[in-house]
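Trainee: Right, I'll just put the structure down here and ask away after.
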Amino acid sequence: MNGAESLVRTLLNGDVNVCFANPGTSEMHFVSALDRVEGVRCILGLFEGVVTGAADGYYRMAGKPAATLLHLGPGLGNGLANLHNAKKARSGMVNIVGEHASYHIKHDAPLTADIEGVARPMSDWVLTSRSAQDVAADGAKAIEAARTAPGQIATLILPADTAWSEAGGPATVNAPAPRTRVERSAIDAGARALRSGRPAAILLGGAALRGKALEHAASIAAKCGCQLLCEYNNARMERGVGRAVVKQLPFVVDAALAMLKDVQELVLVGAKSPVSFFAYPGKPSVLVPEGCTVTKVAGAEADLEQALEALADALGARNTAPLLNQRAYDGALPTGAITLDGLGALFNTLIPDNAVVIDEAVTSGRAFTGATLGARPHDWLNIMGGSIGWGLAAAMGAAIAAPDRKVIAFEGDGSAQYTLQALWTMARENLDVTVVIFANRAYKILLGELTNVGAAAPGANARSMLTLDRPDLDWVALAKGYGVEAGRAATLDELAVQFRRGLAVPGPYLVEVVM
């Protein structure tokens, strides 16, 4: 058994059975080992940002890490933007990065690089295996690091000679440690804040936005009369009919300040104290209003279900009927010209039960996320790190993790260009993904940001950098070139037809919405 095979067997011991890959020469022995050892599903991405983004989406839905296989420093570098998003989402993954044979590095061949240096900014754990005998144990450590709550990026660098040389057997992988229980003092502090009689809100994040944790939060809100809020971007939240009424903090600073202006007690459960996405002249970076007391009950790494259950007990809320979203999807479909309000109403009606929504719609998405709270129950995944080019790749990974659920990817046309290669993998793997591209022919968010940061109105140079025309992108042709069926909609009526068609198709389908 060589080092590569010992690593594959160790991955399986740690329940890592999906590998998103874009390999090269230094990884060929690992590729061969994946042939010899059954049990790992290997999925090719045509760009490393697709590979790392897919691993992020996979973790958010599967709750366990996948492996990625990347080629040397440049391959890892190509995947860094979506590793940034995954790290902000606290997604676990095991990156396996090939390296030159240890004796070859000193010759400074063209692909020689400081791989550890490239990995560290976007990794929580980095290690280079020094011998074939170490590979299995190092792999076990990488898996254990990736599974550390709430999830970590582990990068294991595998020199080619450690992969092809003789090794021992696979390593045992320790079970994940349970999440940290929240101290009684923190629960009591949260309860005091919510009983104070001052206007209060609970800001939820991480695992507090789903399952029993969210149910407890809904009962607390009903008992105490407090608001439930969540961060602007969230790794995964349960929404729709029968789920807790949770308002998402707006991206726009003035809107966020308006939502929080009357809050005098802000209780954090799985969320950080809110700050603006960017700095803007004359506007605060911290969104907490003056005079508001912030009480941290638990961070994202803690057992948030236990924390909210204990908080509900402390407030006598366990038996209180929760405050839930009401059904609001029975109205007639909107018709006519495409508007943001019309989009919200249409998707509110048509999102199917148990769907997984991937949101990288950027400008358009701000308008309809709130409008879909009364839709059928679904999960909603946001881009967490703000590095665009995440949505198509994450949709691919989510579909691998949840093959029995319809995945819907809401995408801006500018963002989608970064990882449009994911469409090919969707077609190759026949993934059940409906992609909706909002084609406004611009980085429209940036046209607005020129004003928001106090810059001058766009002139010829600015417009040439921020618009996507001359020529217009043809998303129907692009999709078909990658093997994905597609259609175009220029009205709400046409969108309803195309979106329904996408939902009915068992594999991938793309709808270009001409804005």
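The values are calculated or read from the model by the stated rules, or taken from the named source; none is laboratory data. Everything quoted here is computed from the prediction, not taken from an experiment. Quick reminder, even Gly has a Cβ in these numbers, built from the backbone with ideal geometry, and neighbours come from all protein chains shown. In case anyone asks, the SASA skips ligands and DNA or RNA and just uses the protein heavy atoms, side chains included. Shrake-Rupley method; radii C 1.70, N 1.55, O 1.52, S 1.80 Å.
Trainee: Does region 277-293 include one or more residues that are outside any loop (DSSP other than H, G, I, E, B), over 25 Å from the mean Cα position of the chain (by Cα) and modelled with pLDDT of 95 or more?
Mentor: So far as region 277-293 goes, yes, one or more of its residues are outside any loop (DSSP other than H, G, I, E, B), over 25 Å from the mean Cα position of the chain (by Cα) and modelled with pLDDT of 95 or more.
Trainee: Within region 425-460, take every residue that is among the hydroxyl-bearing types (S, T, Y) and open to solvent by less than 10 Å² (accessible area, probe 1.4 Å) and give me the one that is nearest to P352 (Cα to Cα).
Mentor: T434
Trainee: What tally of residues in region 132-153 results from selecting those that are assigned to a loop (DSSP other than H, G, I, E, B) and open to solvent by less than 40 Å² (accessible area, probe 1.4 Å)?
Mentor: Of the residues in region 132-153, 3 are assigned to a loop (DSSP other than H, G, I, E, B) and open to solvent by less than 40 Å² (accessible area, probe 1.4 Å).
Trainee: With the requirement that a residue be modelled with pLDDT of 95 or more, aliphatic (A, V, I, L, M) and closer than 14 Å to V362 by Cα, what does region 407-449 give you?
Mentor: Scanning region 407-449 gives A409, A416, V436, I437.
Trainee: Moving on to the next point. Give me a count of the residues in region 474-495 that are touching a strand residue (DSSP E or B) at 6+ places or on another chain (Cβ under 7 Å) and either open to solvent by 30 Å² or more (accessible area, probe 1.4 Å) or at pLDDT below 85 (or both).
Mentor: 5
Trainee: Here's another thing I want to ask about it. What pairs can you find where one residue is in region 167-194 and of a type in the set (K, R), the other is surrounded by 14 or more Cβ atoms within 10 Å (Cβ to Cβ) and modelled with pLDDT of 95 or more, and their Cβ atoms are less than 7 Å apart, with a gap of 6+ or different chains?
Mentor: What qualifies is R179/A149; R179/E301; R179/A302; R179/D303; R181/D303; R181/Q306.
Trainee: Next question, about the same structure. Check E485 against each of (1) among the charged types (D, E, K, R); (2) touching a Phe, Trp or Tyr at 6+ places or on another chain (Cβ under 8 Å); (3) within 23 Å of G365 (Cα to Cα); (4) without any contact (Cβ under 8 Å) to a residue 40 or more places away in the chain and name the one condition it does not meet.
Mentor: If we test E485 against (1) among the charged types (D, E, K, R); (2) touching a Phe, Trp or Tyr at 6+ places or on another chain (Cβ under 8 Å); (3) within 23 Å of G365 (Cα to Cα); (4) without any contact (Cβ under 8 Å) to a residue 40 or more places away in the chain, just (3) comes out false.
Trainee: L346 is checked against (1) of a type outside the set (D, E, K, R); (2) modelled with pLDDT of 95 or more; (3) under 14 Å from the mean Cα position of the chain (by Cα) and fails just one. What number does that condition carry?
Mentor: (3)
Trainee: For L340, indicate whether it is out of contact with any strand residue (DSSP E or B) (no Cβ under 9 Å at 6 or more places or on another chain), open to solvent by 30 Å² or more (accessible area, probe 1.4 Å), modelled with pLDDT of 95 or more and of a type in the set (A, V, I, L, M, F, W, C).
Mentor: Taking the combined requirement at face value, the residue does not satisfy it.
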